[in-house]
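Participant: This is the structure I want to talk about, given as structure tokens.
The values are calculated or read from the model by the stated rules, or taken from the named source; none is laboratory data. The model shown is predicted, which means the values in this text are computed figures rather than measured ones. Please note: Cβ atoms are built from the backbone with ideal geometry, for glycine as well, and neighbour counts cover all protein chains shown. The area values use the complete protein model at the heavy-atom level, side chains included, leaving out ligands, DNA and RNA. Shrake-Rupley method; radii C 1.70, N 1.55, O 1.52, S 1.80 Å.
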There are 4 protein chains.
Amino acid sequence: MNIKQVKHKIQYYETDKMGIVHHSNYIRWFEEARLDFLEQVGLNFAEFEKEGLISPVLSISARYLSPMKYGDNAIINVYLTKVSNYKFEFSYEIIDAINQEKKVEGESSHCFLNNTGTPVSLKKEKFEIWNKLYNMVIKKGENK
Amino acid sequence: MNIKQVKHKIQYYETDKMGIVHHSNYIRWFEEARLDFLEQVGLNFAEFEKEGLISPVLSISARYLSPMKYGDNAIINVYLTKVSNYKFEFSYEIIDAINQEKKVEGESSHCFLNNTGTPVSLKKEKFEIWNKLYNMVIKKGENK
Amino acid sequence: MNIKQVKHKIQYYETDKMGIVHHSNYIRWFEEARLDFLEQVGLNFAEFEKEGLISPVLSISARYLSPMKYGDNAIINVYLTKVSNYKFEFSYEIIDAINQEKKVEGESSHCFLNNTGTPVSLKKEKFEIWNKLYNMVIKKGENK
Amino acid sequence: MNIKQVKHKIQYYETDKMGIVHHSNYIRWFEEARLDFLEQVGLNFAEFEKEGLISPVLSISARYLSPMKYGDNAIINVYLTKVSNYKFEFSYEIIDAINQEKKVEGESSHCFLNNTGTPVSLKKEKFEIWNKLYNMVIKKGENK
């Protein structure tokens, strides 16, 4: 399955007084790309939450290699790196759309909860989606 | 009843590349002061929403008189200017805590909805709170 | 001159606990559409600011007609309604991309300042751009 | 030197449709506490940047142990864990002000740049501040 990249035009309101994108925004773009990825795979989050399931963030990390500026265009690549019964993990690359320079890289991990806060096995509850995700996992060192 | 003013220390992440507070943040501080005001009057929003009631914003306006910067401290004054069965209106002044200079002024209006989206009469549903609010309305031209 | 509409996919991080877009974000999208409009007309803000000019917001207003949700797609229409030597004014409509329902409408006004904070006449400093803008002003009641 | 803790009242605009604080906001509170810490030590960032120095974020990480909600009050503890000539590192704990439960923990690293983007040795440029910071470094395993 071919995943369409997410493009993000950098907005004035995303900058700070250093004149560059505030570092908290890249964390938001990780989410932007992750939910778009899941939607492309068939896990629409708006639908997902209507069924009483949520997927909170367990951890996040980011390395800021080079700043982005207002007027730049970002491409956000997202890779599924691990899927287990209760948890899934992603890695990210944010790239300048013009010169392909890598700007930010990072990772995040997530679980599934029902509306009482109990962990949910996606494998049990949504096997079809879980299986699709499982088959999309990219091993380390593998060509992306 | 004496309402305690809301103080807001301006954060780096609230600035933009102009080097000043991004104008959308003052709108957030209006909310910050409004919910604090309602809490002081006895309408705790976290409790309020647990009962299935919400209070969306109907309109907002702001005049930006002078910019605020990272490191400044803001005082946000909020005044209840109108209370009817279904609607209430506020006005705001954002003031520099040091020199008392007025930086931003604005207004907002709000209604009440239950969780099916139907307008709710606060006067009927929460008379005690409604009555308290009604008695706090400040007429135009009145000394604040 | 035909102005291309700005499309904005609503992000999860733009919602609040009411389950709808937080009202401060529409103010950001006004900016998103305004700067895109100016860029299309030839006033690139990144370039503009390199010359030491800035354009702070003087006032903003918005009426929230109907909430937008995560997963919705917005179209933001922007109209130039007034251009004078020192000031310009815009009006906005935010529309659901699917059913064309109007969700939010609003206005904003802006001036130009140099890096010492002195008001700048765009008509004098950038006549070509000023003139282009002047010819794009939409009169009230005019068909958009 | 005794560092005063930063308290942060959780705002409605910091929540998302899951009904909890959006995870990107904790990253902002890390900054809030870090800049407050530096200010207490004598490195006022507003002054610092007037001299043409900036301090961008190199990396960030966070583990989300338990969600915070609108109406909660957070305490943000910040610890300086490493100071070298060109780089400094912090760790963070975000704690519920009422029950002292740890909610989020994380780390960040930072460098110093002048306005041409060249790395700056804080040890050379601001020895007094650098030395003060150096003496505040907390070793791992040390009682905080």
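Participant: Run through the other copies and list how far each one's label point is from that of C:Glu51, in nm with one decimal, shortest first; the point sits 7 Å from Cα along Cα-Cβ.
Facilitator: 3.5, 5.6, 5.8
Participant: At what distance in nm do the modelled label points of B:Glu125 and A:Glu125 sit from each other, each positioned 7 Å from its Cα along Cα→Cβ?
Facilitator: A separation of 2.9 nm, rounded to one decimal place.
Participant: Still on this structure, I have one more. Compute the long axis of helix B:23-41 from its Cα atoms, compare it with the longest principal axis of the Cα atoms of chain B, and write down the angle in degrees, 0 to 90, nearest 10.
Facilitator: Value to nearest ten degrees: 40.
Participant: For region D:11-106, run through the GluC sites (Glu not before Pro) and keep only the ones in DSSP coil with at most 13 other Cβ atoms within 10 Å of their Cβ.
Facilitator: Here the sparse-neighbourhood loop sites are D:Glu51, D:Glu101.
Participant: I'd like to check one number: the per residue accessible area of region D:10-144, probe 1.4 Å, reported in Å² as a whole number.
Facilitator: Counting only protein heavy atoms, the per-residue value for region D:10-144 is 43 Å².
Participant: Using only the C-alpha atoms of the protein assembly as shown, find the volume of their convex hull and express it per residue in Å³.
Facilitator: 184 Å³
Participant: To the nearest hundred square angstrom, how large is the accessible surface buried between B and D, total for both chains, probe 1.4 angstrom?
Facilitator: Chains B and D together bury roughly 1600 Å² of accessible area.
Participant: Calculated FRET efficiency, A:Lys87 and D:Gln100, Cβ-Cβ r, R0 35 Å, to nearest 0.05?
Facilitator: Once rounded, the FRET efficiency stands at 0.80.
Participant: If you roll a 1.4 angstrom probe over the protein chains with everything in place, what fraction of the accessible area of the protein assembly as shown belongs to carbon and sulfur, to the nearest %?
Facilitator: Ligands and nucleic acids excluded, carbon and sulfur reach 47 percent.
Participant: Counting each DSSP H run of 4 or more residues in the protein assembly as shown as -39500 (n - 2.57), what helix-only mean residue ellipticity at 222 nm follows after dividing by all residues, to the nearest 500 deg cm²/dmol?
Facilitator: -7500 deg cm²/dmol
Participant: Taking 50 Å² as the minimum loss, tell me which residues in region C:6-20 lose that much accessible area going from the chain by itself to the full protein complex (1.4 Å probe).
Facilitator: With the partner chains in place, region C:6-20 has these residues losing at least 50 Å²: C:Lys9, C:Tyr12, C:Tyr13, C:Lys17, C:Met18.
Participant: Still on this structure: If you keep only loop residues by DSSP, which trypsin sites (Lys or Arg not before Pro) in region A:1-31 have at most 10 other Cβ atoms within 10 Å of their Cβ?
Facilitator: A:Lys4
Participant: Note down the net charge around C:Asn85, summing +1 for each Lys or Arg and -1 for each Asp or Glu among other residues with Cβ under 14 Å from its Cβ.
Facilitator: Result for the local shell: +3.
Participant: Along the charge dipole of region C:4-144, pointing to its positive end and built from +1/-1 on Cβ of Lys, Arg, Asp and Glu, which listed residue (C:Asn85, C:Ala62, C:Leu113) has its Cα farthest out?
Facilitator: C:Asn85
Participant: Here is a further query. For the rotation taking B to C, I'd like to know which residue in chain B has the C-beta closest to the axis, plus that distance in Å.
Facilitator: B:Ser61, 2
Participant: While we're looking at this one, here's another question. Placing the label point 7 Å from Cα along the Cα-to-Cβ direction, what are the distances from A:Tyr134 to the equivalent spots in the other copies, shortest first, in nm to one decimal?
Facilitator: Listed shortest first, these distances are 5.6, 6.3, 6.9 nm.
Participant: Note down the nm distance, to one decimal, between modelled labels 7 Å out along Cα→Cβ at B:Lys50 and at D:Lys139.
Facilitator: 4.7 nm
Participant: Related question: If you put a point 7 Å past Cα along the Cβ direction, how far is that point for B:Asp96 from the same point in each other copy, in nm, smallest first?
Facilitator: 3.8, 4.1, 4.6
Participant: Note every residue of region D:62-85 with a reduction of at least 10 square angstrom in accessible area, all protein chains present versus the isolated chain, computed with a 1.4 Å probe, or write none.
Facilitator: D:Ala62, D:Arg63, D:Tyr64, D:Tyr70
Participant: Taking H placed 1.01 Å from N in the peptide plane, check which residues at least 5 places from C:Thr15 or on another chain put their amide H under 5 Å from its amide H.
Facilitator: Hits under the 5 Å cutoff: C:His22, D:Lys17.
Participant: Return P(r) of chain B (all Cα-Cα pairs; 10 Å bins starting at 0; whole %; ordered from short to long distances).
Facilitator: 11, 40, 31, 16, 2
Participant: What distance in nm separates the two pseudo spin-label positions at A:Gln40 and D:Asn73, each 7 Å out from Cα along the beta-carbon direction?
Facilitator: 4.6 nm
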